[in-house]
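In what follows, a single structure is set out as structure tokens and then discussed.
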Amino acid sequence: MGSFLVLTSLISFMMALLSLSFRYKHLLTVLLSLEAMTMSLFITVFSMHSTSITGEASLIFITMGACEASLGLSILVSMIRAQGNDYVSSFSTQKC
């Protein structure tokens with residue numbers, strides 16, 4: 001059962017990576033791809049049943065994933081309020 005979960009999560013990680021590389025037009029799709037990568041890595045770590053991975057480490061990992069998602073959503077909302085869209089190509093730090 002554990003090897004099936006590891007294989008499934010690695011396949012989902014690769015699919016999220018492909019989605020990130022092919023569909024990077026909107027910031028929301030980029031954030032969703034990153035969240036899918038984080039969740040598949042969490043499933044991989046959790047399903048390995050290693051003695052070095054304890055409950056505290058998995059709790060810290062899932063907490064960091066939730067913080068990453070909330071930070072990305074807040075950045076998305078502030079960018080849409082400032083610019084009116086979420087196109088990745090319109091983001092530039094060189095504007096005066």
*asked:* Take the residues in segment 21-33 that are assigned to a helix (DSSP H, G or I) and surrounded by fewer than 17 Cβ atoms within 10 Å (Cβ to Cβ); name whichever of them is modelled with the lowest pLDDT.
replied: Leu28
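Residue-by-condition table, conditions (1) modelled with pLDDT under 85; (2) part of a helix (DSSP H, G or I); (3) buried (at least 17 other Cβ atoms within 10 Å of the Cβ); (4) not basic (Lys, Arg):
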| position | (1), (2), (3), (4) |
| --- | --- |
| Leu17 | no, yes, no, yes |
| Thr51 | yes, no, no, yes |
| Ala57 | yes, yes, no, yes |
| Phe61 | yes, yes, no, yes |
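The values are calculated or read from the model by the stated rules, or taken from the named source; none is laboratory data. Everything numeric here is computed off the predicted structure, so don't read it as measured data. Note that each Cβ is placed from the backbone with ideal geometry, even for glycine, and that neighbours are counted across all protein chains shown.
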